[in-house]
Amino acid sequence: MYKKILVPIDGSEQSIYTLQEAIKLASEWGKDVHLTVFHATLPITMSELTLCTDIDQLRAETGQAIVAAAEPLLAGVPFSHDSVYQDGDPAHLICTKAQSEGYDLIVIGSRGHGLFRELLLGSVSHKVVQHAHCPVLVVRR
């Protein structure tokens, strides 16, 4: 049984589905489980800036909104949970957080882009599978 589960989300339907699946698993394992909903906000380069926009505030508000959207799904669950967001490269932050804070399972969604597109673009879930110190469950819809 896993005791500490990290569930990265990005606000997409796939990530919400993944969170629902993680909640089902954690509920089966009981009250000794702790689940963390995690969102990483990608850095924005200077070329992407728009005039008259506080980018840091916008990123913080977006990150907070994404993790807040997960809270209703966690209402009444029989285990402890929290929600966190950070700025930076998602795959790196997921793996670093999992290792430094002793998570023993990462449950992450798959976008299902297909092999060719994944080879060209890379994918967060693929990078996490390759670099995580613990088991990674990839949920595909």
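The values are calculated or read from the model by the stated rules, or taken from the named source; none is laboratory data. No experiment lies behind these values; they were computed from the predicted model shown. Note: ideal-geometry Cβ built from the backbone for every residue, glycine included; neighbour counts use all protein chains shown.
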Quiz item: Which members of segment 63-84 meet the condition of being of a type in the set (Gly, Ala, Ser) and within 11 Å of SER27 (Cβ to Cβ)?
Solution: GLY76
Exercise. Pick out, from segment 1-113, the strands (runs of 3 or more DSSP E) lying fully within it that include 2 or more residues that are among the β-branched types (Val, Ile, Thr), at pLDDT 95 or above and in contact with a Lys or Arg (Cβ under 6 Å, 6 or more places away or on another chain).
Key: none
Quiz item: Can you find even one residue in segment 2-23 that is of a type in the set (Phe, Trp, Tyr), closer than 16 Å to ALA60 by Cα and in contact with a helix residue (DSSP H, G or I) (Cβ under 8 Å, 6 or more places away or on another chain)?
Solution: no
Quiz item: When segment 61-88 is examined, which residues are found to be out of contact with any Leu (no Cβ under 7 Å at 6 or more places or on another chain) and hydrophobic (A, V, I, L, M, F, W, C)?
Solution: ALA65, ILE66, VAL67, ALA68, ALA69, LEU74, ALA75, VAL77, VAL84
Quiz item: Hey, among the residues in segment 23-40 that are surrounded by fewer than 18 Cβ atoms within 10 Å (Cβ to Cβ) and under 13 Å from LEU73 (Cβ atoms), which one's farthest from the chain's Cα centre (by Cα)?
Solution: SER27
Quiz prompt | Number of the condition not met by LEU121 [criteria: (1) farther than 22 Å from TYR2 by Cα; (2) modelled with pLDDT under 90; (3) surrounded by 15 or more Cβ atoms within 10 Å (Cβ to Cβ)] | solution = (3)
